[in-house]
Amino acid sequence: MLHSVSVGETLAAIPLVRALRHRYPSLPITVTTMTPTGSERVRSAFGNDVYHVYLPYDLPCALKRFFDQVNPKLVIIMETELWPNLITELHRRNIPLVIANARLSERSAAGYKKIGSLTRSILRRTTLIAAQNQEDGERFIDLGLQCSHLAVTGSLKFDISVTPELAARAVALRRQWASRRQVWIATSTHEGEEAILLAAHHELLNRFPDLLLILVPRHPERFPTTQALTQSLGFSYTLRSSGEVPATDTQVVIGDTMGELMMLYGIADIAFVGGSLVERGGHNPLEPAAHAIPVLMGPHTFNFKDICLKLSEAGGLITVKDADSIVKEVNSLLTDEDYRLYYGRHAVEVLHQNQGALQRLLTLLEPYLPPPANSSI
């Protein structure tokens, strides 16, 4: 069984699930999530190849009934979901628990320290934590994890790729939408960011009248709000869900569908990744990097501190802070093709240079996986 709470964790889990299915083709896999967006991502990535259900809340009776039904031989939790009752129930049943792609920010570690004895108890019942980097691993040790239960594997988020099928779909859509137009995309945006991005787009249209913006809010419940804002500011727009091809005078496409983000990145010349102009910690910059396009983010990237540092040091990430700095950077990238290719090339190089976490994790999982012919996970 593999648990990924929402979209970000699910995206990181996709290469792992695919690798497990390839190595253990007869092994049934249950994937659990907690949000509709995570659920939709699982369904779009795997269809009926895995069994998907929502994980119950962390209540003893609910978890007991759930594990009676599912009866996993191994549980993998993506990133850091330390649920006391879930971990206690797994320990009681002698079911190994691996926290994969684990990360623990300074802020989160401080929160867990406030409940120190409970945190130590949870960590001592965890079979293995596969941390993204040494810094994260040391925080787990500081909270009470035994050194022998820690491995540093790197981040699974680097082990993504653009499949030939995905690339072909993106090329076809680009030809259909904007064969002779430049395109930039702003994704995973939160409240307060769309207004900044639309203000920047308004200014950029004065310099690039044919420029198309693809605007993708992070949460589906904000699609109508984003549409209303775009309309109130006087933009000509269309909704991706309508299936309409943007007209030559369409200025904004609102990405109000699920499971298409990686394809939409493939249409764009430049990407801005949201949750970073406001204090949400940012979202995954490696998805646009996989398409070898320049990546822009705001200053608030603590959720991806290590990844953003690698990208910045290699010249694969541009930091912006407001509408004016977005206009300045996008203008430079659209005007100078060599500049644009430089940032895109360096971004994808960082991705390739840091891959390998998946293979390291699969090796660590081998002792806990039963023979594939007659087992379940």
Of all residues making up segment 201-221, the number that are under 23 Å from MET258 (Cβ atoms), assigned to a helix (DSSP H, G or I) and in contact (Cβ under 8 Å) with a residue 12 or more places away in the chain: 1
Sole exception among (1) open to solvent by 20 Å² or more (accessible area, probe 1.4 Å); (2) under 20 Å from ASN354 (Cβ atoms) for PRO299, by number: (2)
Residue in segment 161-173 that is among the basic types (Lys, Arg), outside the structural domain of THR335 (by the TED database) and part of a helix (DSSP H, G or I) present: no
Segment 228-261 - residue that is assigned to a strand (DSSP E or B) and either over 26 Å from the mean Cα position of the chain (by Cα) or not hydroxyl-bearing (Ser, Thr, Tyr) (or both) and, of those, nearest to THR187 (Cα to Cα): ILE254
Filter result for VAL75 (modelled with pLDDT under 95, among the β-branched types (Val, Ile, Thr) and open to solvent by less than 30 Å² (accessible area, probe 1.4 Å)): no
Subset of segment 263-290 that is within 11 Å of the chain's Cα centre (by Cα) and open to solvent by 10 Å² or more (accessible area, probe 1.4 Å) - its residue that is farthest from THR163 (Cα to Cα): HIS283
Pick from segment 137-155, criterion touching a residue at least 40 places away in the same chain (Cβ under 8 Å) and touching a Leu at 6+ places or on another chain (Cβ under 6 Å), ranking: farthest from TYR368 (Cα to Cα): THR153
Count - residues of segment 85-104 that are modelled with pLDDT of 95 or more and open to solvent by 10 Å² or more (accessible area, probe 1.4 Å): 9
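Where in segment 26-140 are there strands (runs of 3 or more DSSP E), lying wholly inside it, with at least 3 residues that are farther than 21 Å from ILE160 by Cα?
51-54
The values are calculated or read from the model by the stated rules, or taken from the named source; none is laboratory data. Because the structure is predicted, anything quoted here is derived from the model rather than measured. Glycine also receives a Cβ, built like all others from the backbone with ideal geometry; neighbour counts cover every protein chain displayed. The protein model used for the area step is the full one, side chains on, heavy atoms only, and it has no ligands, DNA or RNA in it. Shrake-Rupley method; radii C 1.70, N 1.55, O 1.52, S 1.80 Å.
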